[in-house]
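What follows is one structure encoded as structure tokens, with my remarks underneath.
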Protein chains: 2
Amino acid sequence: MHASTNDTKLLFRQTYDYIITRIERGELKAHDKLPSIRLLAQELRVHRLTVFRAYQLLKQNDKVYVKEKSGYYVSPDFTEHVISEYTDRSPITSSGHLKNSLSEIQQVPVIYQFSQSLIDPNLLPNLYLSEYVKKVFDIYPKLMGTYSSVQGDEELREFLCQYMKRHHSIQLTVSDLLITTGGQQAIDLISRVYIRPMDFILVERPTYSAALDIFRQQGARFIPVDISPEGYDLEKVEMLMKQHRPRIFYMNPTFHNPTGYTVPPDQRKQLVELAERYRCLLIEDDAIHEMYFDQPPPQPIFSYDTDGWVVYLRSFSKYVAPGLRICAVIGRPSVIQPLITAKSLADNGTPLVNQKIFLHYFESERIRQHLEKLRIALQIRKEIVEEELSTTGWSWVSPKGGFNLWLKLPEELPVEELLKESIRQSVSFVPGMICDPLREMRSWIRLSYSFVNEGQLRDGVRLLSDIARRF
Amino acid sequence: MHASTNDTKLLFRQTYDYIITRIERGELKAHDKLPSIRLLAQELRVHRLTVFRAYQLLKQNDKVYVKEKSGYYVSPDFTEHVISEYTDRSPITSSGHLKNSLSEIQQVPVIYQFSQSLIDPNLLPNLYLSEYVKKVFDIYPKLMGTYSSVQGDEELREFLCQYMKRHHSIQLTVSDLLITTGGQQAIDLISRVYIRPMDFILVERPTYSAALDIFRQQGARFIPVDISPEGYDLEKVEMLMKQHRPRIFYMNPTFHNPTGYTVPPDQRKQLVELAERYRCLLIEDDAIHEMYFDQPPPQPIFSYDTDGWVVYLRSFSKYVAPGLRICAVIGRPSVIQPLITAKSLADNGTPLVNQKIFLHYFESERIRQHLEKLRIALQIRKEIVEEELSTTGWSWVSPKGGFNLWLKLPEELPVEELLKESIRQSVSFVPGMICDPLREMRSWIRLSYSFVNEGQLRDGVRLLSDIARRF
């Protein structure tokens, strides 16, 4: 019953956060009575005991106080700073849920940058790329003065339709695609359109931490689905869909971030059936599809979809020209249309310059050769790290593609302390905790081998294991 | 008492919308009792009579029903489709407030495009621009492989600090700036960070309609401030700030969109004092500062700010290389910091390619010559339109800069019909109604003269006035 313990814990924490948020937003003021346990349990669809325990913790933390035989009331001490800050109208009051833990770590400048799941710029064919850009500006001399349509350049969308047909036998039209500025924006737009506060959503455990932060900002409640080298426990997934009726399942089934796992083909087909049955939109984030080592990954879940229950987020630029930031959101027009409106409000369209450069580069012959070389370079880097780590006693499943190793450290090693000390010595990595919707997984870390060169990789990993050994 | 009639109308509509939204979100279900008039009046800080009238209209429209001596209840007919749609879990249910009226009009392809407040690409020095890009790629050969920091390229921010000092005597450091993908994204980030649902915000009447749509999406309540060729009625502004304690005032005081008006220098100084006194953050949107005809506009309101009550949105690329989409959000670090987090979630940083190209182009000598030519070209276009319109009987205040004419049509002319018929004949413009937070101003239109060439301008305006004459 490990999973259901997690569920209860999660619901408990979310109930606690829900009350805190309402107080912070000023919806519940000092001395206001909290909703009755029965009522809130009903509203949040959780067990009364869960609400009871959340209220007990609120009381312990002096957020609320109890009047005998009457109920729970908002403590004036807690609201004091909230209210004074609010009535002060300090303009620096921002929404309470705004945080990006990954970005905070990545912004710290270090020599051994293992927290960036990005391609080393030196692995890109830079000279060729620059020459290429010049050609593109000869083809479109007015490129710098022209806006893209909100949905994205039609020539690019047309090309991507053909690409999807050729590589994945998926038949599309240009109205099925929306171009966004990177995959992150795609996740954000989906979150804004399809998640309402307090909605249940399924997320992998662990998952991409910035996605969790985006969903948190929108007020979502997480239902974690464990991912393993064999994929998901589909019976568990079905049970969760039945029980919570989540609006969406955000997943990253191919060279999963952070673990590197890939969900097998038979599960892909079944997931689409579950999505249809329980009317849960699958958000398939496919950021590095072509970054495999020995053989290509299975076809996208999207390719099994006939009824429109999958939205496919395909980042294309990440391994050819990451600076361009080109992602396609693909789905049936009724799902895409509200996202186009959201995009029109968010930035009115991805710059045309980026789309045209990407299009012409991506359709060139040269790109295929580049990808071949890149796969080999990444595999070598991965093997270097694995070699350096072989004496540490840490464990991992060797990934078949992607940019990261997901490492299990000894239980007694305090990862937060390790990160602090590592950063002090110019090594950074991602602590597993921020990838976990339950904020646990304290013995795991994500180490990206894609961003620094082979020499630095060797030195940095040695340094990291030395630091760890001293703990 | 014209203004206060507007206020009441507005609050009435917002109260009505508030209930509708709560029903649509499923917070109020069929046969649920509405909050009592007294309670809701208190909560929304409106008069009881306003709530009473909103409830009456809800009843008239069959959204709610009345039980004698008991109160108002949600009508099952109205919630039926909402609920079934919700339990169906159709993934195409998007947030009710998602709309971009301007974008909808602009997306209709027409020959005489007067709804785009953008520079005609033919007015840009395209050949020079292309040559320029090639140089930039020689300077930064790895540009396509490199991500920008979330806050924006430091070299660009450094340059913009110097620019602001040179042109506006404003002393800044790089931490005061955030680079966004166009001004629209800047407004969106501010909205997400600084507006909570039901917050009062001041907006000009009329104003940029996409900004209204962005604020609506966030659940803001509008308090309109009339803008005239003489600026605002500052006594009225003070009264509104005192009464409603708005968190922000979104304004566009220089070659205002859609009217072209410019707020005079003495008011600029006083506005900063009011902002300080009532702790209301001024969002100064300055998109086309250098697009003046005879003389430069007054210094930005931001230049009078000493205490950090102004956030300055300066679009730079709009008139030099609009395809690049470069805007700077400028303010004190405590205000900028949460916006950086929001930016990290929204798209993780504006592409570096765009920032570097812009930087090197914008600091070139050539750009100054280009601006000089552009001003003359725009003034000529404006004069062509004014000449063509001189026999229509329509009235307007001739703008001293910018891209638009704000035209008052005869009261009896049905603008919505006119727009439909015009689009049928391949002319488009922006109806004043969508620029009005009260959704009135039915006799006004915005006509942009910046996007089409002189010949088309003449033909299109003639066609438009012919169509109007036939009504």
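The values are calculated or read from the model by the stated rules, or taken from the named source; none is laboratory data. Keep in mind that what you see is a predicted model, and the values were worked out from it rather than measured. Glycine gets a Cβ as well: all are built from the backbone with ideal geometry, and neighbour counts include every protein chain shown. Only protein heavy atoms, including side chains, enter the accessible area calculation; ligands, DNA and RNA are left aside. Shrake-Rupley method; radii C 1.70, N 1.55, O 1.52, S 1.80 Å.
How shielded is A:125-137 by partner chains, expressed as the average number of their Cβ atoms within 10 Å of its Cβ atoms?
Average neighbour count from other chains, rounded to a whole number: 5.
Could you tell me the calculated FRET efficiency between A:THR173 and A:LYS373, based on Cβ-Cβ distance and R0 = 30 angstrom, to the nearest 0.05?
The computed FRET efficiency comes out at 0.30.
Charges at C-beta only: +1 for Lys and Arg, -1 for Asp and Glu. How large is the resulting dipole of the range B:287-422 about its Cα centre, in Debye rounded to 20?
760 debye
Only Lys, Arg, Asp and Glu count, each charged at its Cβ (+1, +1, -1, -1), so figure out the dipole size of the protein assembly as shown about its Cα centre, rounded to 20 debye.
My answer is approximately 1700 debye.
Which ³J(HN,Hα) values in Hz, rounded to whole numbers, follow from the phi angles of the range B:351-361 under the Karplus curve 6.51 cos²θ - 1.76 cosθ + 1.60, where θ = phi - 60° and Gly and Pro get x?
Along the range B:351-361, the couplings run x, 5, 3, 4, 5, 5, 4, 4, 3, 6, 6 Hz.
From Cα coordinates alone, what are the radius of gyration and Dmax values for the protein assembly as shown in angstrom?
Values for the protein assembly as shown (Cα only, Rg and Dmax): 28.3, 88 Å.
Kindly identify residues of the range B:145-168 having a loss of at least 50 Å² in accessible area between the isolated chain and the assembly of all protein chains, probe radius 1.4 Å.
B:GLY145, B:TYR147
Name the nearest-to-axis residue of chain B, judged by Cβ distance to the rotation axis taking chain B onto chain A, and quote that distance in whole Å.
Measuring from each Cβ to the axis, the minimum is at B:LYS134, 2.
Before we go on, tell me the buried accessible area for the B/A pair, both chains summed, 1.4 Å probe, in Å² to the nearest 100.
For B against A, buried area totals roughly 7000 Å².
Along each principal axis of its Cα atoms, how long is the range A:412-471 end to end? Whole angstroms, biggest number first, please.
Here the Cα extents, ordered largest to smallest, are 36, 26, 16 Å.
Report Rg(Cα)/(2.2 N^0.38 Å) for the range B:334-422, keeping two decimals.
1.74
To the nearest 10 square angstrom, how much accessible area does B:MET441 have with a 1.4 angstrom probe?
40 Å²
Roughly what % of DSSP beta bridges within the protein assembly as shown run antiparallel, to the nearest 5?
Approximately 55 percent, going by the DSSP bridge assignments.
Cross-link partners among lysines for A:LYS69, C-alpha distance below 21 Å, same-chain residues fewer than 8 apart left out?
Within the straight-line cut-off, A:LYS69 pairs with A:LYS29, A:LYS33, A:LYS59.
By average Cβ neighbour count within 10 Å, what is the ranking of B:298-304, A:295-301 from highest down?
Per-residue Cβ counts within 10 Å, averaged per peptide and sorted highest first, yield B:298-304, A:295-301.
Work through the residues other than B:PHE222 whose Cβ is under 9 Å from its Cβ and net out their charges, Lys, Arg +1 and Asp, Glu -1.
+3
Relative contact order for chain B: what is it in percent, counting Cα pairs under 8 Å that are at least 6 residues apart?
Taking the mean separation of contacting Cα pairs over the length of chain B, I get 19 percent.
Report the dimensions of the range A:317-470 along its three principal axes from the alpha-carbon atoms, largest first, rounded to Å.
54, 39, 27 Å, listed from the longest principal axis down.
Net charge near B:PHE137, counting Lys/Arg +1 and Asp/Glu -1 over other residues with Cβ under 14 Å of its Cβ?
With Lys, Arg at +1 and Asp, Glu at -1, the neighbours total +2.
State the answer as a single residue: which of A:GLY323, A:VAL452, A:HIS47 lies farthest towards the positive end of the charge dipole of chain A, with beta carbon charges of +1 for Lys and Arg and -1 for Asp and Glu, about the Cα centre.
A:HIS47
I want to check the label-to-label distance for A:GLU230 and A:LYS69. Put each point 7 Å from Cα in the C-beta direction and report it in nm to one decimal.
Inter-label distance under the simple model: 5.7 nm.
Sum -39500 (n - 2.57) across every DSSP H segment of at least 4 residues in chain B, then divide by the residue count to get the 222 nm mean residue ellipticity, nearest 500.
The helix contribution divided over chain B gives -14500 deg cm²/dmol.
In the range A:356-471, with Lys and Arg counted as +1 and Asp and Glu as -1 at Cβ, which of these residues, A:GLN379, A:PHE358, A:LEU464, has the Cα nearest the positive end of the dipole, that is, farthest along it?
Of A:GLN379, A:PHE358, A:LEU464, it is A:PHE358.
Set the Förster radius R0 to 30 Å, insert the Cβ-Cβ distance between A:ARG366 and A:ASP459 as r into 1/(1 + (r/R0)^6), and round the FRET efficiency to 0.05.
Result of the calculation: an efficiency of 0.40.
Would you mind checking the tilt of helix A:333-346 against the longest principal axis of the Cα atoms of chain A, expressed as 0 to 90 degrees and rounded to 10?
The angle comes out at about 80 degrees.
What does the average come to when, for each residue of peptide A:212-219, you count the partner chain Cβ atoms lying within 10 Å of its Cβ?
Per residue, the number of nearby Cβ atoms from other chains is 2 on average.
Per residue and in cubic angstrom, what volume does the convex hull of the Cα atoms of the range A:210-365 have?
137 Å³
Solvent-accessible area per residue for chain A at a 1.4 Å probe radius, Å²?
Ligands and nucleic acids excluded, the figure is 38 Å² per residue.
Taking only Cα atoms, what is the 0 to 90° angle, nearest 10, from helix A:154-168's long axis to the longest principal axis of chain A?
It works out to around 90 degrees.
Give the ranking of B:ASP188, B:ASP233 by solvent-accessible surface, highest area first, calculated with a 1.4 Å probe.
These residues rank, largest area first, as B:ASP233, B:ASP188.
Work from the charge dipole of the protein assembly as shown (Cβ charges, +1 for Lys and Arg, -1 for Asp and Glu, about the Cα centre) and give the residue of A:GLY183, A:ILE20, A:ILE336 farthest towards its positive end.
The residue sitting farthest along the positive end of the dipole is A:ILE20.
Suppose R0 equals 41 Å. What FRET efficiency, 1/(1 + (r/R0)^6) with r the Cβ-Cβ distance, do B:ARG48 and A:LEU438 give to the nearest 0.05?
According to the calculation, E is roughly 0.30.
Take each of the peptides B:63-69, A:464-470, average the number of other beta-carbon atoms within 10 Å over its residues, and list them starting from the highest.
A:464-470, B:63-69
Given charges of +1 on the Cβ of Lys and Arg and -1 on the Cβ of Asp and Glu, with all other atoms neutral, how large is the dipole of chain A about its Cα centre, in debye to the nearest 20?
The calculated dipole for chain A is roughly 980 debye.
List the GluC sites (Glu not before Pro) within the range B:360-407 that DSSP assigns to loop and that have no more than 11 neighbouring Cβ atoms inside 10 Å.
B:GLU365
Got a number for carbon plus sulfur as a percent of the protein assembly as shown's accessible area, 1.4 Å probe?
50 percent
Once you list every other residue whose beta carbon is under 12 Å from the beta carbon of A:VAL66, what net charge do they have if Lys and Arg are +1 and Asp and Glu are -1?
So the surrounding residues net to +3.
Hey, any idea what Rg/Rh is for chain B, computing Rh the Kirkwood way over Cα pairs?
Here Rg/Rh amounts to 0.99.
How shielded is A:319-327 by partner chains, expressed as the average number of their Cβ atoms within 10 Å of its Cβ atoms?
Other-chain Cβ atoms within 10 Å of each residue's Cβ, averaged: 5.
How far is the Cα center of the range B:34-59 from the Cα center of the range A:328-347, in Å?
36 Å
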